[in-house]
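Peer 1: Following this message is one structure expressed as structure tokens.
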Amino acid sequence: FPRWNPLLLGGTPFLESLAGGDSLYPTSLLLLFMDTHRALGWKLVLHVFLAGLFMFAWVRALGLSRVAALLAGLAFLMAPYMVTLVWPGHDGKLFVTALTPLLFWAAERSLTRRGVGSFAVLGLIVALILYSTHFQMAYFLFGGVGAYYVFRTIQIARGSDGEADAAAPGTARTLALRKLTLFLLAALLGAGAAGIQLVPAVSYITDFSRRAATTAAPGEESRAYSSSWSMHPEEAASLVVPEFVGSNIGGSDWTSDTYWGRNPFKHNHEYAGLIVLLLAGISFAGAPRRGLRWFFTGLGGVALLFTLGANTPVWRVFYEILPGISLFRAPSMVIFLFGFSAATLMAFGVDRAFEVARDHAMGEEWRKISRYQWGAAALLLVLLLLAASGALTSLWTALFYRGIEPERAATLEAARPFIVRGSFFATVIAAATAGIWWALRRGYLQPLGVVVLLALAIGTDQGRVNEPFIQLQNFREFASPDENMRFLMARTETDPPFRVFSVIQNGQDVAPAMHGVELAAGHHPNDLLRYRELIGGVGGVFPENLFNANVLAILNVRYLLWPDYQFAAPEGLEPVSRISYRDGRPFTSVYPVPTLPRARLVADAVVLPDAEVLSFILGPDFDPAGQVVLPEAPPIELSGGGVDGAVVWEERGPNALSLRVRSEQPALLVLSDNWFPAWRARLNGEEVPVLRANYTLRAVAVPAGDHALEFFYRSHVLRNSLILTLLSLGVLLGAWGYGLLVERRAVRGARSAHREGG
């Protein structure tokens, strides 16, 4: 199991930096039984399917009908705010969204059942969610479930709407307090059970990741980072007419370069389903469990306002109050709590609509529901007329988007036919939904027909939004290396280790790593801050320092992978491999550049504080071949000048490196891999310190003579976290087993009593 990923950005920790993604998540076992690309695809399909089952179970736990659970489950598993995450590959977000109703189900189950077994199940689900490694989504999900649990225990303490109905008034508060205490304990044990994933990641992100820079940034800069990628009014309007804001993904006419909103681009959709919202509104026409319905109205409303980021004061309140918000960005992802709340209210609305439509004694209630439904259809008709006349977009830019850029305004004008079409579809959906209930009320439809028609309408409405975001691609063609890549792959097999600086995608290219080619740049959300500062790419910008000859040399960059289609050829360099257009113009090329070996001996150390290191390395006074920069004096006396010696690689793996070193004088072996405290070294079998060199790389002091040097990865944080995981899992599994045993004994006792009574 890898503990280090050497392929990107000078190397990053595997688990700590979340580079391994959901490697410890149960469905990753699929990687052992099928091709990687198929396993990744099946994980998405499986979670979308399970999301519907979990939603069904949650609605049934609330005491609602199977029909309500069926329709809510269908609406949730087809929800575009989850399914459209397939296109950008945001599997972690999709996993947490799919598990949301499961965690709420476990929370409700622990409130309505006796014993500790249900709390153990809740703790195990908490751990499962954390193993998805999308801690930001998990953070907000846990906040929502925590608020729900507090709300429900208050209900229990007051003796209403829950298990407290069966409890004596004097014991209601004690029962509520015990439930809340066990809930908190289960949540803590769940976090402990995921400790091997959670604890190292939290430590890394706060101390080593480039995300740490956003935490320490000045107030306005940090707030701007945290509120970036929020929804805007245009996205909010798309919750009713999904075509309104457009997209950049292709796949259909309305998603091809039609995004005119205020974010750089749009690769997913927050649509929850118009029918879901319409049926959720019916729940307020006298459906049961009024307090619960108002809770989910509040949860969904707060989540929606939060997704709008700095556009409303709600996000700012949470930013100032809740710890950890400054580490996150993209408030828009919290839309899943809005969608889940809407689907829950929809289930209440379905049952209430069936009840009122079939009971002719409830005439006044029916008139309220009918006015609401046809009124919604009428409002959407007005919206359609405004869109068709062009008044809608004109009013929008005048009232809500006054500073729209000319390019975005042109995109909006080009997208207007799709907005008209979407408005028409929304009007038809609203009218059809109202007509279905009217037909049931009049006896023209039977309940089964209503269920079938509503299911078809939900599938059509949400499926049309999902379809462009599910685009199939031939993996063999996608993964097939081109001529340039085959050249680099051949060099990795025969030559000493080296890195490539791919300038493609402005330095964010990661495709060569798929073929085992190590990259000096690339995309990684949690790479090491010091390395990003060295290459000049903090904040995801172009790594401009990689064009500095000193930086290229110390990072062992031997080749440039150059996009000739974008930039002019680098001056003074000749390609060793090239792909050309049919007319002979170069498309992409591989250029060799002067570099230094991955591991080399140096006998001259320059001691500088960190604040001065980068300017020195980038400047003309630094000799990358003969000098190394250290933050402290080296633990060995160095003579300066050149070194007579040799370094020979014996083994290179993700967790360990072995070299034979010969030096005629005391020296520092400099390794062009990132320094991290978990990396240790043995020289001739004895552990020696690993120094941080050249701001972010590694070095080891080597006396004169022949030596066996080994670098190995050993993290005390990982070891202690594993112990925490095993202990917490043991407690949870033990409590679950004990709960099952008690339940079985109770069942046997009840059967025995029944037989004796008979």
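Peer 1: What does the charge count near Arg408 come to, summing +1 for each Lys or Arg and -1 for each Asp or Glu among other residues with Cβ under 11 Å from its Cβ?
Peer 2: That sum, taken over residues with Cβ under 11 Å, equals -3.
Peer 1: Using the Cα atoms of the range 504-641 to build a convex hull, what is its mean projected area in square nanometres?
Peer 2: 10.2 nm²
Peer 1: Please compute the per residue accessible area over the range 172-326 with all protein chains in place, 1.4 Å probe, rounded to a whole number of Å².
Peer 2: 38 Å²
Peer 1: So how strong a dipole does the chain carry about its Cα centre when Lys and Arg Cβ are +1 and Asp and Glu Cβ are -1, to the nearest 20 debye?
Peer 2: Once rounded to the nearest 20, the dipole reads 3760 debye.
Peer 1: Roughly what % antiparallel, to the nearest 5, for the DSSP beta bridges in the chain?
Peer 2: Percentage antiparallel, nearest 5: 85.
Peer 1: Given the range 474-576, report the % of alpha carbon pairs whose separation exceeds 16 Å.
Peer 2: 59 percent
Peer 1: When the dipole is taken about the Cα centre of the range 220-294, and only Lys, Arg (+1) and Asp, Glu (-1) are charged at their Cβ, what size is it in debye, to the nearest 20?
Peer 2: Magnitude of the dipole: close to 580 debye.
Peer 1: Would you mind getting me the FRET efficiency between Ala633 and Val541? Use the beta-carbon distance for r and R0 = 30 Å, nearest 0.05.
Peer 2: The pair Ala633/Val541 has a calculated efficiency of 0.30.
Peer 1: Give me the 1.4 Å probe accessible area per residue for the range 346-439, excluding ligands and nucleic acids, in Å².
Peer 2: With the other protein chains kept in place, the range 346-439 gives 50 Å² per residue.
Peer 1: To continue, here is another question. Specify which residue in the list Leu448, Leu488, Gly195 is farthest towards the positive end of the charge dipole of the chain, using unit charges on the beta carbon of Lys, Arg (+1) and Asp, Glu (-1), about the Cα centre.
Peer 2: About the Cα centre, the residue reaching furthest to the positive side is Leu448.
Peer 1: I've got another one for you. If you take the charge dipole of the chain about its Cα centre, with +1 on Lys and Arg Cβ and -1 on Asp and Glu Cβ, which of Gly507, Ser423, Ser577 is farthest toward its positive end?
Peer 2: The residue sitting farthest along the positive end of the dipole is Ser423.
Peer 1: What accessible area per residue, rounded to a whole number of Å², is obtained for the range 654-758 using a probe radius of 1.4 Å?
Peer 2: The answer is 51 Å² per residue.
Peer 1: Leaving out ligands, DNA and RNA, what percent of the accessible area of the chain is carbon and sulfur, probe 1.4 Å?
Peer 2: 61 percent
Peer 1: So if R0 is 41 Å, what FRET efficiency would Leu733 and Met514 give, r being the distance between their Cβ atoms, rounded to the nearest 0.05?
Peer 2: Efficiency for this residue pair is about 0.60.
Peer 1: Another question about this same structure. Kyte-Doolittle mean at least -1.0 and Cα extent at least 27 Å along the axis: which DSSP H helices of the chain qualify?
Peer 2: 36-61, 91-112, 135-158, 172-193, 335-358, 363-389, 406-442, 447-466, 716-757
Peer 1: Considering only protein heavy atoms, what is the solvent-accessible area of Lys368 at a probe of 1.4 Å, reported in Å² to the nearest 10?
Peer 2: 120 Å²
Peer 1: What is the dipole size for the range 617-758, taken about its Cα centre, with +1 at each Lys and Arg Cβ and -1 at each Asp and Glu Cβ, in debye to the nearest 20?
Peer 2: 1520 debye
Peer 1: Moving to a separate point now. With runs of 4+ DSSP H residues as the only contributors, calculate the mean residue ellipticity of the chain at 222 nm using -39,500 (n - 2.57) per run, divided by the residue total and rounded to the nearest 500.
Peer 2: -17000 deg cm²/dmol
Peer 1: Got a sec? Charge dipole of the range 35-141, +1 on Cβ for Lys and Arg, -1 for Asp and Glu; which of Ala98, Ala138, Val67 is way out at the positive end?
Peer 2: Checking the options against the dipole of the range 35-141, the answer is Val67.
Peer 1: Okay, next question. From largest accessible area down, sort Leu552, Leu456; use a 1.4 Å probe on the protein chains.
Peer 2: Largest accessible area first, the list is Leu456, Leu552.
Peer 1: I would also like to ask the following. Cβ neighbours within 10 Å, averaged per peptide: list 477-490, 240-253 in order, most packed at the top.
Peer 2: Answer by packing, highest mean first, reads 240-253, 477-490.
Peer 1: Expressed as a whole percent, how much of the Cα-Cα distance distribution for the chain exceeds 46 Å?
Peer 2: When all Cα pairs of the chain are counted, 33 percent exceed 46 Å.
Peer 1: On to the next question. Report, ordered by chain and residue number, the lysines lying within cross-link reach of Lys266, taken as a straight Cα distance under 20 Å and ignoring same-chain residues fewer than 8 apart.
Peer 2: Reachable lysines: Lys93.
Peer 1: Further, regarding this structure: Once ligands and nucleic acids are excluded and a 1.4 Å probe is used, how much of Ser209 is accessible, expressed in Å² to the nearest 10?
Peer 2: 0 Å²
Peer 1: Restricting to Cα pairs below 8 Å that are 6+ residues apart, what does the relative contact order work out to for the chain? Please round to a whole percent.
Peer 2: 15 percent
The values are calculated or read from the model by the stated rules, or taken from the named source; none is laboratory data. Because the structure is a prediction, the values reported are computed rather than measured. Ideal geometry is used to build each Cβ from the backbone, glycine not excepted, and the neighbour counts take in all protein chains shown. Surface accessibility is based on the protein's heavy atoms, side chains included, excluding ligands, DNA and RNA. Shrake-Rupley method; radii C 1.70, N 1.55, O 1.52, S 1.80 Å.
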